[in-house]
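Enquirer: Sending over a structure as structure tokens; questions will come in a sec.
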Amino acid sequence: MRRIILSTESGADVPGDLAEKYDIQVVPMHIIMDGKDYLDGSLPVQDIYDYYERTKKIPSTTSTNAHEYQEFFSTIRENSPDCIIVHIGYTSKASSSFQNAVIAAEEFEDIYLIDALNVTGGLAAIVLYAAKFLEKEPDIEPERLVEKIEAIVPKSRLAFIPGSLDFLKAGGRVSNMASLIGALLKIKPCIELKDGKLMSTKRYRGKMIGASEKLLRDYLNEFNIDREQLYFIYSIGLDERIKERMGQVAKENGFQNIRWIQAGGMISTHSGAGGFGIAGIEE
């Protein structure tokens, strides 16, 4: 059987050790800061926050372009000439990256493209589901693997509380952000992926530790998440006490494995420092 290789974008925030373990190929997106273009992953996330503190300006982001995808897919093929590529992409509703992958893939054979309609940990959950499934069934037909992945795309649930509403406002990626204006200092909004779009759904008052626990309990009440795996997403600056408490609540609710994922540069430019999120796949 021909080898299947999984790929995704840096905006998935797949931890480096897991990308290496499952040989997941990751193409970088872009961060524009101070007039310079940085590849996501090459710039320390702290630099983004330091830049904001100095300038009160928030970096912008751009998608991976079609030429970069052509080079990316070509490199995978050069290293594994007979492979089949299954690319699981960042939501097309918030970035042109997936469409650029579609354009680039026209130059290749045996590339399957899946719009995950998700970002950060929600996208990582899908990619890692595919990686674990492929590890168990390495001889699976690619069409069958694609079917399995596409079936769980609508079951991947992501919810998060951003660390800074200034970043969220500037990013302009939340379609109903206007509803939050006027309560920015008192409200901590819950942002969820709905049909591939970032939407403000709930509002929490009070300190971040209380809001985070309420978010987690609401999330577990609303979604029947597979207890085998839960992902927590954090951006630099999240209080360690919140991490400890969220781990306790997850274990109390029967989760077998909990993995913390640090938000990379792409996500951090939209969520700000000190954010907390949850991702998992519904049964």
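Enquirer: Does ASP37 fit the bill of being in a helix (DSSP H, G or I) and loosely packed, with under 12 Cβ neighbours inside 10 Å?
Expert: On the way: in a helix (DSSP H, G or I): no; loosely packed, with under 12 Cβ neighbours inside 10 Å: yes.
Taking the combined requirement at face value, the residue does not satisfy it.
Enquirer: Inside the range 22-57, can you point out the residues that are closer than 22 Å to PRO138 by Cβ and touching a residue at least 24 places away in the same chain (Cβ under 8 Å)? Give the steps one after another, and end with the answer.
Expert: So in the range 22-57, the residues closer than 22 Å to PRO138 by Cβ come out as 22-26.
TYR22, ILE24, GLN25 - these are the residues of the range 22-57 that are closer than 22 Å to PRO138 by Cβ and touching a residue at least 24 places away in the same chain (Cβ under 8 Å).
Enquirer: Output the residues belonging to the range 154-176 that are part of a helix (DSSP H, G or I), modelled with pLDDT of 70 or more and touching a strand residue (DSSP E or B) at 6+ places or on another chain (Cβ under 7 Å).
Expert: So the first thing to find is which residues in the range 154-176 are part of a helix (DSSP H, G or I), and the list is 154-155, 165-171.
Going one step further and asking which of them are modelled with pLDDT of 70 or more, we end up with 154-155, 165-167.
Matches in the range 154-176: LYS155 only.
Enquirer: Same structure, new question: Go through the range 199-215 and give me each residue that's buried (at least 19 other Cβ atoms within 10 Å of the Cβ) and over 26 Å from PHE255 (Cα atoms).
Expert: Across the range 199-215, the qualifying residue is only SER200.
Enquirer: Hey, among the residues in the range 216-260 that are over 14 Å from GLY280 (Cα atoms) and among the hydrophobic types (A, V, I, L, M, F, W, C), which one's surrounded by the fewest Cβ atoms within 10 Å (Cβ to Cβ)? Before you say what the answer is, go through the steps one by one.
Expert: Step one: list which residues in the range 216-260 are over 14 Å from GLY280 (Cα atoms), which gives 234-249, 251-252.
After this cut, where a residue has to be among the hydrophobic types (A, V, I, L, M, F, W, C) as well, the list is 236, 238, 242, 246, 249.
Values: ILE236: 17, LEU238: 25, ILE242: 20, MET246: 23, VAL249: 14.
Of everything passing the filter in the range 216-260, VAL249 is surrounded by the fewest Cβ atoms within 10 Å (Cβ to Cβ).
Enquirer: Scan the range 96-121 residue by residue and report those that are touching a helix residue (DSSP H, G or I) at 6+ places or on another chain (Cβ under 9 Å) and buried (at least 22 other Cβ atoms within 10 Å of the Cβ).
Expert: Those that are touching a helix residue (DSSP H, G or I) at 6+ places or on another chain (Cβ under 9 Å) and buried (at least 22 other Cβ atoms within 10 Å of the Cβ): SER97, ALA101, ALA104, ILE111, ALA116, LEU117, ASN118, VAL119, THR120, GLY121.
Enquirer: Can you confirm whether ILE261 is touching a strand residue (DSSP E or B) at 6+ places or on another chain (Cβ under 6 Å), modelled with pLDDT of 95 or more and closer than 28 Å to THR64 by Cβ?
Expert: On the way: touching a strand residue (DSSP E or B) at 6+ places or on another chain (Cβ under 6 Å): yes; modelled with pLDDT of 95 or more: yes; closer than 28 Å to THR64 by Cβ: yes.
Yes, satisfied.
This table checks each residue for (1) hydroxyl-bearing (Ser, Thr, Tyr); (2) within 30 Å of GLU192 (Cβ to Cβ); (3) over 15 Å from the mean Cα position of the chain (by Cα); (4) assigned by TED's automatic domain parsing to the domain that holds GLY196.
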position: SER80; (1), (2), (3), (4): yes, no, yes, no
position: CYS83; (1), (2), (3), (4): no, no, yes, no
position: HIS87; (1), (2), (3), (4): no, yes, no, no
position: TYR90; (1), (2), (3), (4): yes, yes, no, no
position: SER96; (1), (2), (3), (4): yes, yes, yes, no
position: GLN99; (1), (2), (3), (4): no, yes, yes, no
position: PHE108; (1), (2), (3), (4): no, no, yes, no
position: ILE114; (1), (2), (3), (4): no, yes, no, no
position: ASN118; (1), (2), (3), (4): no, yes, no, no
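Enquirer: Let me ask you something else. Kindly list, by first and then second residue, each pair from a residue in the range 220-245 that is in contact (Cβ under 8 Å) with a residue 60 or more places away in the chain to a residue that is among the basic types (Lys, Arg) and buried (at least 16 other Cβ atoms within 10 Å of the Cβ), limited to pairs with Cβ atoms under 6 Å and residues at least 6 apart or on different chains.
Expert: Between residues of the range 220-245 that are in contact (Cβ under 8 Å) with a residue 60 or more places away in the chain and residues that are among the basic types (Lys, Arg) and buried (at least 16 other Cβ atoms within 10 Å of the Cβ), the close pairs are PHE223/ARG157; TYR231/ARG259.
The values are calculated or read from the model by the stated rules, or taken from the named source; none is laboratory data. What you see is a predicted model; the values in this text were computed from it and never measured. Positions of Cβ are generated from backbone atoms using ideal geometry, with glycine treated the same way; all protein chains shown enter the neighbour counts.
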